[in-house]
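K.L.:
Take a look at the following structure, please.
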Amino acid sequence: MDRMEVTENFAGITLPGHLHTQESLHAAATFQFRDTDVVIVTYPKSGTTWMQEILTLMYSKGDGHLAKTVPNWARAPWLEHVYFKDMLQADREPRLLTTHLPCHVLAPALKKAKAKVIYVARNPKDIVVSFYHFHKMAKFLPEPSSFEDFLMQFLDGTVQYGSWFDHVEGWLSQRRELDLFYITYEDLHRDLGHAIEELAAFLGCALRPEEVSAIQQHSSFPAMQENTMVNYTLVSCDILDHSKGQFMRKGIVGDWRDHFTPLQDALFNRVYKEKMRHSSLRLHWPLA
Ligand SMILES: Nc1ncnc2c1ncn2[C@@H]1O[C@H](COP(=O)(O)OS(=O)(=O)O)[C@@H](OP(=O)(O)O)[C@H]1O
(Lines give C-alpha, C1' and ligand atoms only; values in the text may rest on other atoms or scores of the structure.)
Protein backbone atom coordinates (compact mmCIF):
# COMPACT_ATOMS: atom_id res chain seq x y z
CA MET A 1 0.00 0.00 0.00
CA ASP A 2 1.22 3.52 -0.81
CA ARG A 3 1.76 6.33 1.63
CA MET A 4 -1.24 7.72 3.51
CA GLU A 5 -1.03 11.35 2.46
CA VAL A 6 -3.79 12.81 4.63
CA THR A 7 -2.66 15.32 7.23
CA GLU A 8 -4.43 17.39 9.87
CA ASN A 9 -3.52 21.00 10.59
CA PHE A 10 -4.09 21.90 14.21
CA ALA A 11 -2.84 24.73 16.39
CA GLY A 12 -0.15 25.69 13.89
CA ILE A 13 1.31 22.24 13.28
CA THR A 14 0.71 19.40 10.83
CA LEU A 15 -0.02 15.91 12.12
CA PRO A 16 -0.54 12.56 10.35
CA GLY A 17 -4.20 12.13 9.41
CA HIS A 18 -3.95 8.39 9.93
CA LEU A 19 -3.62 8.95 13.68
CA HIS A 20 -5.45 12.23 14.18
CA THR A 21 -8.72 13.92 13.29
CA GLN A 22 -9.89 17.41 14.14
CA GLU A 23 -12.27 15.74 16.59
CA SER A 24 -9.56 13.68 18.32
CA LEU A 25 -7.29 16.72 18.56
CA HIS A 26 -10.04 18.90 19.96
CA ALA A 27 -10.87 16.16 22.49
CA ALA A 28 -7.22 16.13 23.61
CA ALA A 29 -7.14 19.91 23.97
CA THR A 30 -10.23 19.84 26.18
CA PHE A 31 -9.39 16.60 28.02
CA GLN A 32 -10.49 16.37 31.65
CA PHE A 33 -7.34 15.42 33.50
CA ARG A 34 -7.51 13.90 36.95
CA ASP A 35 -5.22 14.99 39.76
CA THR A 36 -3.75 11.47 39.75
CA ASP A 37 -2.91 11.38 36.01
CA VAL A 38 0.70 11.00 34.90
CA VAL A 39 1.31 12.44 31.43
CA ILE A 40 4.39 11.55 29.37
CA VAL A 41 5.18 14.45 27.05
CA THR A 42 7.69 14.20 24.22
CA TYR A 43 8.57 15.46 20.80
CA PRO A 44 8.62 12.30 18.61
CA LYS A 45 11.69 10.05 18.89
CA SER A 46 12.78 11.44 22.25
CA GLY A 47 12.32 8.30 24.34
CA THR A 48 8.52 8.10 24.58
CA THR A 49 8.30 4.31 24.41
CA TRP A 50 11.16 3.89 26.85
CA MET A 51 9.37 6.14 29.38
CA GLN A 52 6.06 4.28 28.82
CA GLU A 53 7.88 1.04 29.67
CA ILE A 54 9.71 2.44 32.71
CA LEU A 55 6.52 3.89 34.23
CA THR A 56 4.50 0.75 33.54
CA LEU A 57 7.16 -1.29 35.32
CA MET A 58 7.46 1.23 38.13
CA TYR A 59 3.77 0.93 38.95
CA SER A 60 4.01 -2.89 38.74
CA LYS A 61 7.00 -2.77 41.13
CA GLY A 62 9.28 -4.35 38.55
CA ASP A 63 6.92 -7.19 37.67
CA GLY A 64 7.14 -7.60 33.87
CA HIS A 65 3.76 -9.31 33.39
CA LEU A 66 1.75 -6.24 32.30
CA ALA A 67 4.58 -4.95 30.09
CA LYS A 68 4.76 -8.33 28.35
CA THR A 69 1.03 -8.90 27.86
CA VAL A 70 -0.48 -5.49 27.02
CA PRO A 71 0.77 -3.21 24.21
CA ASN A 72 2.35 0.08 25.27
CA TRP A 73 -0.35 2.08 23.47
CA ALA A 74 -3.01 0.50 25.70
CA ARG A 75 -0.99 0.94 28.90
CA ALA A 76 -0.18 4.60 28.23
CA PRO A 77 -2.50 5.74 25.40
CA TRP A 78 -1.90 8.87 23.34
CA LEU A 79 -4.35 11.61 24.23
CA GLU A 80 -4.64 12.87 20.67
CA HIS A 81 -4.89 9.66 18.64
CA VAL A 82 -8.20 8.57 17.13
CA TYR A 83 -7.74 4.99 18.18
CA PHE A 84 -7.47 5.22 21.94
CA LYS A 85 -10.57 7.16 22.99
CA ASP A 86 -12.00 4.29 24.99
CA MET A 87 -8.74 3.46 26.69
CA LEU A 88 -8.36 7.03 27.98
CA GLN A 89 -11.24 6.69 30.40
CA ALA A 90 -9.70 3.65 32.08
CA ASP A 91 -10.63 3.31 35.73
CA ARG A 92 -7.14 2.49 36.90
CA GLU A 93 -5.21 5.02 38.93
CA PRO A 94 -2.87 6.51 38.19
CA ARG A 95 -3.69 6.69 34.49
CA LEU A 96 -0.59 6.81 32.34
CA LEU A 97 -1.15 9.04 29.32
CA THR A 98 1.12 10.03 26.44
CA THR A 99 1.22 13.02 24.12
CA HIS A 100 3.36 14.66 21.45
CA LEU A 101 1.20 17.80 21.40
CA PRO A 102 2.70 21.24 21.98
CA CYS A 103 2.29 22.96 25.31
CA HIS A 104 -0.03 25.74 24.17
CA VAL A 105 -2.62 23.08 23.23
CA LEU A 106 -2.57 21.11 26.46
CA ALA A 107 -1.48 23.48 29.22
CA PRO A 108 -4.94 25.09 29.74
CA ALA A 109 -6.55 21.67 30.36
CA LEU A 110 -3.61 20.46 32.45
CA LYS A 111 -3.76 23.49 34.72
CA LYS A 112 -7.29 22.58 35.77
CA ALA A 113 -5.95 19.50 37.57
CA LYS A 114 -2.81 18.55 39.49
CA ALA A 115 -1.75 15.95 36.94
CA LYS A 116 1.96 15.21 36.87
CA VAL A 117 3.88 15.81 33.65
CA ILE A 118 7.08 14.01 32.68
CA TYR A 119 8.87 15.77 29.84
CA VAL A 120 11.50 13.68 28.07
CA ALA A 121 13.93 15.58 25.84
CA ARG A 122 16.67 14.20 23.59
CA ASN A 123 19.57 15.64 21.66
CA PRO A 124 17.78 16.99 18.57
CA LYS A 125 20.58 15.76 16.31
CA ASP A 126 19.79 12.18 17.34
CA ILE A 127 16.07 12.93 17.00
CA VAL A 128 16.51 13.98 13.36
CA VAL A 129 18.32 10.74 12.60
CA SER A 130 15.78 8.56 14.40
CA PHE A 131 12.83 10.47 12.86
CA TYR A 132 14.35 10.21 9.38
CA HIS A 133 14.67 6.42 9.65
CA PHE A 134 11.16 6.21 11.12
CA HIS A 135 9.78 8.16 8.14
CA LYS A 136 11.14 5.47 5.84
CA MET A 137 9.07 2.78 7.54
CA ALA A 138 5.99 4.73 8.75
CA LYS A 139 3.48 4.82 5.88
CA PHE A 140 1.50 7.55 7.61
CA LEU A 141 4.43 9.98 7.27
CA PRO A 142 5.75 11.50 4.03
CA GLU A 143 8.50 9.51 2.31
CA PRO A 144 11.73 11.45 2.93
CA SER A 145 13.66 12.18 -0.26
CA SER A 146 17.10 12.49 1.37
CA PHE A 147 18.59 13.00 4.80
CA GLU A 148 19.73 16.47 3.71
CA ASP A 149 16.16 17.51 2.77
CA PHE A 150 14.74 16.03 5.94
CA LEU A 151 17.29 17.84 8.07
CA MET A 152 16.37 21.17 6.43
CA GLN A 153 12.67 20.55 7.10
CA PHE A 154 13.46 19.67 10.72
CA LEU A 155 15.45 22.87 11.20
CA ASP A 156 12.64 24.89 9.53
CA GLY A 157 10.04 23.25 11.77
CA THR A 158 8.06 22.08 8.74
CA VAL A 159 8.19 18.37 9.63
CA GLN A 160 5.04 16.79 11.02
CA TYR A 161 4.51 17.49 14.74
CA GLY A 162 6.10 20.93 14.17
CA SER A 163 9.27 22.53 15.40
CA TRP A 164 11.38 20.72 18.00
CA PHE A 165 12.62 24.10 19.22
CA ASP A 166 9.08 25.36 19.86
CA HIS A 167 8.07 22.08 21.51
CA VAL A 168 10.87 21.97 24.03
CA GLU A 169 10.78 25.70 24.74
CA GLY A 170 6.99 25.77 25.05
CA TRP A 171 6.88 22.98 27.62
CA LEU A 172 9.85 24.23 29.60
CA SER A 173 8.38 27.72 29.79
CA GLN A 174 5.51 26.20 31.80
CA ARG A 175 7.77 24.33 34.19
CA ARG A 176 6.68 26.29 37.24
CA GLU A 177 3.01 26.47 36.27
CA LEU A 178 2.74 22.70 35.92
CA ASP A 179 3.91 19.83 38.12
CA LEU A 180 6.59 19.00 35.55
CA PHE A 181 9.60 16.70 35.82
CA TYR A 182 12.21 17.19 33.13
CA ILE A 183 14.51 14.36 32.13
CA THR A 184 16.51 13.49 29.06
CA TYR A 185 17.04 10.37 26.99
CA GLU A 186 20.73 10.87 27.72
CA ASP A 187 20.02 10.83 31.51
CA LEU A 188 18.28 7.46 31.08
CA HIS A 189 21.28 6.17 29.18
CA ARG A 190 23.88 7.47 31.61
CA ASP A 191 22.41 5.97 34.78
CA LEU A 192 19.05 4.28 34.37
CA GLY A 193 18.90 3.15 38.02
CA HIS A 194 19.39 6.71 39.26
CA ALA A 195 16.83 8.05 36.75
CA ILE A 196 14.28 5.47 37.97
CA GLU A 197 14.89 6.52 41.59
CA GLU A 198 14.40 10.19 40.69
CA LEU A 199 11.22 9.43 38.76
CA ALA A 200 9.93 7.31 41.66
CA ALA A 201 10.59 10.17 44.10
CA PHE A 202 8.71 12.62 41.85
CA LEU A 203 5.77 10.23 41.51
CA GLY A 204 5.75 9.23 45.18
CA CYS A 205 6.22 5.59 44.25
CA ALA A 206 8.36 3.77 46.83
CA LEU A 207 10.60 1.13 45.29
CA ARG A 208 12.93 -1.43 46.86
CA PRO A 209 16.44 -1.79 45.34
CA GLU A 210 15.55 -5.17 43.80
CA GLU A 211 12.47 -3.59 42.18
CA VAL A 212 14.64 -0.85 40.66
CA SER A 213 16.96 -3.55 39.27
CA ALA A 214 14.03 -5.46 37.78
CA ILE A 215 12.72 -2.26 36.12
CA GLN A 216 16.18 -1.62 34.70
CA GLN A 217 16.41 -5.11 33.32
CA HIS A 218 12.94 -5.16 31.70
CA SER A 219 13.38 -1.68 30.20
CA SER A 220 16.84 -2.28 28.76
CA PHE A 221 17.14 -1.85 25.00
CA PRO A 222 17.70 -5.60 24.32
CA ALA A 223 14.67 -6.54 26.48
CA MET A 224 12.42 -3.96 24.78
CA GLN A 225 13.68 -4.92 21.34
CA GLU A 226 12.48 -8.48 22.04
CA ASN A 227 9.18 -7.51 23.67
CA THR A 228 6.43 -7.59 21.01
CA MET A 229 4.20 -5.49 23.29
CA VAL A 230 6.54 -2.56 22.87
CA ASN A 231 8.65 -3.06 19.74
CA TYR A 232 5.75 -2.23 17.37
CA THR A 233 6.03 -5.47 15.39
CA LEU A 234 2.32 -6.00 16.18
CA VAL A 235 1.52 -3.10 13.83
CA SER A 236 0.67 -4.32 10.33
CA CYS A 237 3.02 -3.73 7.39
CA ASP A 238 0.60 -1.37 5.62
CA ILE A 239 1.12 1.06 8.54
CA LEU A 240 4.73 0.30 9.52
CA ASP A 241 6.77 -1.32 6.77
CA HIS A 242 8.98 -3.61 8.82
CA SER A 243 11.07 -4.45 5.76
CA LYS A 244 12.33 -0.83 5.81
CA GLY A 245 13.60 -0.79 9.37
CA GLN A 246 12.90 -1.46 13.02
CA PHE A 247 11.14 0.82 15.49
CA MET A 248 13.72 -0.26 18.10
CA ARG A 249 16.46 0.77 15.73
CA LYS A 250 19.75 1.40 17.60
CA GLY A 251 18.91 2.94 20.94
CA ILE A 252 22.20 4.77 21.29
CA VAL A 253 23.44 8.27 22.09
CA GLY A 254 25.33 10.13 19.35
CA ASP A 255 24.25 8.23 16.23
CA TRP A 256 24.09 11.63 14.50
CA ARG A 257 27.88 11.49 14.17
CA ASP A 258 27.44 8.73 11.57
CA HIS A 259 24.86 10.74 9.60
CA PHE A 260 25.82 14.43 9.65
CA THR A 261 28.41 15.88 7.29
CA PRO A 262 30.66 18.59 8.81
CA LEU A 263 28.65 21.20 6.87
CA GLN A 264 25.31 19.89 8.16
CA ASP A 265 26.72 19.87 11.66
CA ALA A 266 27.91 23.46 11.40
CA LEU A 267 24.52 24.57 10.04
CA PHE A 268 22.67 22.72 12.82
CA ASN A 269 24.87 24.34 15.50
CA ARG A 270 24.23 27.77 14.00
CA VAL A 271 20.46 27.31 13.88
CA TYR A 272 20.43 25.79 17.38
CA LYS A 273 22.40 28.71 18.82
CA GLU A 274 20.10 31.23 17.19
CA LYS A 275 16.78 29.55 18.06
CA MET A 276 17.80 28.63 21.61
CA ARG A 277 19.50 31.90 22.50
CA HIS A 278 16.92 32.69 25.21
CA SER A 279 16.57 29.10 26.38
CA SER A 280 16.94 27.90 29.96
CA LEU A 281 17.34 24.33 28.71
CA ARG A 282 19.93 22.32 30.62
CA LEU A 283 22.01 20.62 27.97
CA HIS A 284 22.79 17.02 28.78
CA TRP A 285 24.41 16.32 25.48
CA PRO A 286 27.46 17.61 23.70
CA LEU A 287 26.05 19.35 20.60
CA ALA A 288 29.40 19.44 18.87
N1 LIG B 1 15.16 0.90 26.15
C2 LIG B 1 15.63 1.77 25.26
N3 LIG B 1 16.93 2.16 25.32
C4 LIG B 1 17.43 3.03 24.42
N5 LIG B 1 16.73 3.56 23.39
C6 LIG B 1 15.43 3.19 23.29
C7 LIG B 1 14.83 2.30 24.20
N8 LIG B 1 13.53 2.12 23.81
C9 LIG B 1 13.36 2.87 22.71
N10 LIG B 1 14.49 3.50 22.38
C11 LIG B 1 14.75 4.38 21.22
O12 LIG B 1 13.89 5.51 21.25
C13 LIG B 1 13.64 5.93 19.90
C14 LIG B 1 12.15 5.92 19.64
O15 LIG B 1 11.65 7.08 20.28
P16 LIG B 1 10.13 7.23 20.73
O17 LIG B 1 9.72 6.05 21.52
O18 LIG B 1 10.00 8.57 21.34
O19 LIG B 1 9.38 7.19 19.32
S20 LIG B 1 7.88 7.64 19.06
O21 LIG B 1 7.85 9.11 19.12
O22 LIG B 1 6.99 7.03 20.04
O23 LIG B 1 7.59 7.17 17.67
C24 LIG B 1 14.39 4.97 18.99
O25 LIG B 1 15.67 5.55 18.81
P26 LIG B 1 16.65 5.20 17.60
O27 LIG B 1 17.16 3.83 17.84
O28 LIG B 1 17.76 6.22 17.70
O29 LIG B 1 15.87 5.34 16.33
C30 LIG B 1 14.43 3.73 19.88
O31 LIG B 1 15.41 2.80 19.51
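K.L.:
Of all the residues that make up segment 227-241, how many are over 29 Å from A201 (Cα atoms) and either within 13 Å of the ligand (Cβ to nearest atom) or open to solvent by 60 Å² or more (accessible area, probe 1.4 Å) (or both)?
P.N.:
The number of residues fulfilling the criteria is 9.
K.L.:
Still on this structure, I have one more. Considering L172, L199, L178, which residue is under 28 Å from K111 (Cβ atoms), in contact (Cβ under 8 Å) with a residue 40 or more places away in the chain and surrounded by fewer than 20 Cβ atoms within 10 Å (Cβ to Cβ)?
P.N.:
Just a single option satisfies the conditions, and that option is L172.
K.L.:
Could you run through segment 24-48 and say how many residues are of a type in the set (V, I, T), buried (at least 20 other Cβ atoms within 10 Å of the Cβ) and more than 8 Å from the ligand (Cβ to nearest atom)?
P.N.:
Going through segment 24-48 one residue at a time, the tally reaches 4.
K.L.:
Which residues, counting only those in segment 210-226, are more than 16 Å from the ligand (Cβ to nearest atom) and touching a helix residue (DSSP H, G or I) at 6+ places or on another chain (Cβ under 9 Å)?
P.N.:
Matches in segment 210-226: E211 only.
K.L.:
Please list, ordered by residue number, the helices (runs of 4 or more DSSP H) wholly in segment 161-208 having 1 or more residues that are more than 13 Å from the ligand (Cβ to nearest atom) and either closer than 28 Å to H81 by Cα or within 17 Å of the chain's Cα centre (by Cα) (or both).
P.N.:
Hits in segment 161-208: 164-173, 192-203.
K.L.:
Does segment 61-83 contain at least one residue that is under 18 Å from V117 (Cβ atoms), surrounded by 15 or more Cβ atoms within 10 Å (Cβ to Cβ) and of a type in the set (G, A, S)?
P.N.:
yes
K.L.:
Are there any pairs, at least 6 apart or on different chains, whose C-beta atoms fall under 6 Å, with the first in segment 69-83 and touching a residue at least 12 places away in the same chain (Cβ under 8 Å) and the second assigned to a loop (DSSP other than H, G, I, E, B) and open to solvent by 10 Å² or more (accessible area, probe 1.4 Å), and if so, which?
P.N.:
Cβ pairs passing all conditions: P71/M229; L79/F31; H81/L19; V82/T21.
The values are calculated or read from the model by the stated rules, or taken from the named source; none is laboratory data. Computed from a predicted structure; not experimentally measured. In this analysis, Cβ positions are derived from the backbone assuming ideal geometry, glycine residues included, and neighbour counts consider all displayed protein chains. For accessibility, only protein heavy atoms count, side chains too; no ligands or nucleic acids. Shrake-Rupley method; radii C 1.70, N 1.55, O 1.52, S 1.80 Å.
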